[in-house]
Amino acid sequence: MTKLIEKSVWVVFALLLSSSLIAQGHLTATIVGSGSPVFNQDRASASVLISNGTHKILIDMGNGTQANLAKLKVSDKTLDALLFTHHHLDHNEEFLPILVHSLLLGKQDFFIYGPSNTKKMTQSFINLFKEDINYRLSKSKRSLTDRENSYLVKDLKGGEVFNIGDIKVSTLSVPHTIDAIAYRFDYQGESILVTGDLTYTDQLAPFAKGVDYLIIDSGGMQMTLVNNRKVKKSKTKQVNQRVRKAGKTSRNGRVIAHLNLAESSLIAANAGVKNLVYTHFSVGTIDEVASLAIIRQRYQGKVVFAEDLMVLD
């Protein structure tokens, strides 16, 4: 009960803090969803909102994104850009309704950027729901043709640099099971980087050099409880203390899809990031002591275990 009360207080504080920071014009990241593909009533799937008070950028749109945006009092019609790190379901599941709302109610112009298949996915959805979208737009005497020039869709390869409003956005291709993009956001000397899912790459540390917040895949996180059951202590310590090369397979033959704690903490240390933020948690209870014991072998800065609605400034 005490933990539930503390969490409720934190959520209220985060909402108040979010409004205050947006008013001040700081570059902020709000963890809209901190969960994984596995349904978790306590965590929405992957989503992060970047804002400087004037412009809002949504990265990934997993299950529960809309509900948490509503809690944050952020309307789809205020979003300047919809970005994807990669096209796995837990990162793009709620793209369709957000896209339609943006077309129906949104700003005159917005951007849709992501790795390969972003354009194909967007056009497929629009073609599939064309009649429905036209019907809804007709209520305000508009049509899909009127709105098709209001958005720009691009497939990114990594290496692109562009601006959304006065926020500079830099991109990096990162290794995963499919094409994936990491995003760095810079605004008036403040910086935030969102990696999405990835395995280890030497290119990430230079890309993340000196960022205020590195929001990274929580692969290898040590857990104490999963579905209220104690986790048996496995021989994960050795695995979590070595750096693996991208594209390699684990001992059981599976393709490595995520970082481990040794790798993420090494990247943070080499980049000199001020705050290392872990997100994308599976169902269960994080063993912060055991996890920090691994992280602290390489990284000595501030470590944050993300929760839904958490505001980073």
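The values are calculated or read from the model by the stated rules, or taken from the named source; none is laboratory data. None of these values were measured; they are calculated from a predicted model. When we count neighbours, we look across all protein chains shown, and the Cβ atoms used for this are built from the backbone with ideal geometry, even at glycine.
Values computed for the structure shown
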quantity: Enumeration of residues in the stretch 61-89 that are under 16 Å from E307 (Cα atoms) and of a type in the set (D, E, K, R); calculated: K71
quantity: Of all residues making up the stretch 217-228, the number that are surrounded by 14 or more Cβ atoms within 10 Å (Cβ to Cβ) and either closer than 21 Å to R244 by Cβ or modelled with pLDDT under 85 (or both); calculated: 7
quantity: Members of the stretch 294-313 found to be without any contact (Cβ under 8 Å) to a residue 40 or more places away in the chain and in a helix (DSSP H, G or I), listed by number; calculated: I295
quantity: Unmet requirement for V100, which otherwise passes all of (1) of a type in the set (V, I, T); (2) touching a strand residue (DSSP E or B) at 6+ places or on another chain (Cβ under 6 Å); (3) free of Cβ contacts under 8 Å to residues at least 40 places away in the same chain; calculated: (2)
quantity: Condition check for L214: closer than 18 Å to H86 by Cα, surrounded by 22 or more Cβ atoms within 10 Å (Cβ to Cβ), more than 14 Å from the chain's Cα centre (by Cα) and at pLDDT 95 or above; calculated: no
quantity: Test: residue in the stretch 201-211 that is within 20 Å of K56 (Cβ to Cβ), of a type outside the set (V, I, T) and at pLDDT 95 or above; calculated: no
quantity: Number of the exception - Y151 against (1) without any contact (Cβ under 8 Å) to a residue 40 or more places away in the chain; (2) more than 17 Å from the chain's Cα centre (by Cα); calculated: (1)
quantity: The stretch 78-93, residues that are in contact (Cβ under 8 Å) with a residue 40 or more places away in the chain, under 25 Å from H176 (Cβ atoms) and of a type outside the set (V, I, T); calculated: A81, L83, F84, H86, H87, H88, L89, D90, H91, E93
quantity: Number of the condition not met by R136 [criteria: (1) modelled with pLDDT under 95; (2) not in a helix (DSSP H, G or I)]; calculated: (2)
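Residue-wise test of (1) at pLDDT 95 or above; (2) surrounded by fewer than 16 Cβ atoms within 10 Å (Cβ to Cβ); (3) closer than 30 Å to S51 by Cβ.
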| position | (1), (2), (3) |
| --- | --- |
| L193 | yes, no, yes |
| T249 | no, yes, no |
| I267 | yes, no, yes |
| V273 | yes, no, yes |
| Y278 | yes, no, yes |
| Q297 | yes, yes, no |
| V303 | yes, no, yes |
